[in-house]
1. Give the Kirkwood hydrodynamic radius (Å, one decimal) of the chain, defined as one over the mean of 1/r across all pairs of different Cα atoms.
2. In whole angstrom, how long is each semi-axis of the equivalent ellipsoid of the range 133-224, when you take the square root of 5 times every eigenvalue of its Cα gyration tensor and sort them from largest down?
3. Suppose every K and R has +1 on its Cβ and every D and E has -1 on its Cβ; what is the size of the dipole of the chain about the Cα centre, in Debye to the nearest 20?
4. Can you return the lysines within cross-link range of Lys207? Criterion is Cα-Cα under 16 Å, with same-chain partners fewer than 8 residues away left out.
5. Can you give the log10 of the normalised intensity I(q)/I(0) at q = 0.17 Å⁻¹, computed with Debye over equal Cα scatterers of the range 68-143?
6. What is the fewest-to-most order of Val194, Val55 by other Cβ atoms lying within 10 Å of their Cβ?
7. Quick one: of the DSSP bridges fully inside the chain, what percent are antiparallel, nearest 5?
8. Ranking Asp122, Asp231 by Cβ neighbours within 10 Å, fewest first, what do you get?
Amino acid sequence: MKHAYNAVGLVLFINLLMSISAAAQSINTNPFNDGPYILIEGDKFISKSIENGKVIVQRSEQTFPTDFAAEATYYQGVTHIAAISDIHGQHDIFLNILKNNKVINQQHQWIYGDGHLVITGDIFDRGPQVLDSLWFVFNLEQQAKAAGGKVHFLLGNHEYMVLRGRLDYLHPNYHQTATLLNTDYKALFNEQTVLGRWLRSKATVIKINDTVFLHGGISTKLLSSQLDLHDINQHFRASIGLSKTAVKQHPIYSQLHASSGPIWYRGYFDAGLTNTVVDQILSILKASRIVVGHTSGEEIKQLNDGRIFAVDTSIKNGEDGEILLFNNQSAYRGTYTGEKIKLL
Ligand code: ZN
């Protein structure tokens, strides 16, 4: 009898422990903020966000554009260009680099005049401030345009991964957002969302004056396919959101999304890459240099005697980073504190 009483007591005790731990869990729920994710429903905009860990769904008072023209591939006559890459959810670092290098002011407004800012991919994944960067870039584009300048947000492998639902690198907050909103995370960027439509208008590779910008790089293997940069953008756009299987089955998409394709390629960082091979690539592209992110380093580097510039400066570590600045024919490292160090 006593034994049975103990067993009941033990069960009660375990239940008590479980309820304490459940209460502790709900108290410990990360009180993060996220969003807004703006859903397009007919002529209405529905805003979904997380405030202090709680879901807020409301009709947005603000209106948004819903049609975004596909970004052009080629640009001419640009006198100053800034290039930064692989922000990876480190929005504060991103803002500090732009402020200290006078692309934006202390109020985060565009002060780069008719210059072009190129983000060579990977705003998504790893860190917790992805939405902050997306909306900031979304707004900065309008300001740059009004001043005669331009912001180019080129898509990297992490944009393509999240948009097709591969979420291995997502910060835990975003998984929690998906759970709280009872949705697949990628659905928050589908074609019925403002950011989803905006992302689908983006380019993956552009050429400004005689410089090509993209996330990974253009390999000789890809060039043998005879695709030009405009074709590459069109095919990439058409492949957004497709499953890995669908991509693999398509003769062109499979090449574009392969490890030798523009968003994954790391061949420019092979020690054995000769200037002759780079010159062959440049001559087909009718370009003088290529600027890439994706492969992380400590600082902005020029490779192959200024034919290649590497601009992923490990912002993902959340400590610091750099920006590449072209002023006419000169190139500089713009450091985290805004120092300009001449490269060319
Ligand atoms: Zn990447």
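1. Numbers: mean 1/r = 0.0462 Å⁻¹.
This gives a value of 21.6 Å.
2. On the way: eigenvalues 149, 79, 21 Å².
The three semi-axes for the range 133-224 are 27, 20, 10 Å.
3. Numbers: 30 positive and 31 negative charges, 87 e Å.
With Lys and Arg at +1 and Asp and Glu at -1, about 420 debye.
4. Output for Lys207: Lys150, Lys286.
5. At q = 0.17 Å⁻¹ the computed log10 ratios are -0.68.
6. Details: Val194 23, Val55 14.
Arranged by neighbour count, lowest to highest, Val194, Val55 become Val55, Val194.
7. Values: 33 of 51 bridges.
The antiparallel fraction comes to roughly 65 percent.
8. Values: Asp122 27, Asp231 14.
Result, fewest neighbours first: Asp231, Asp122.
Any read-out appearing in this document is the output of simple, stated calculations on the displayed coordinates, not a laboratory observation. Note that the structure is a prediction, hence the values are computed from the model and not measured. Virtual Cβ from ideal backbone geometry, glycine too; neighbours counted across all protein chains shown.
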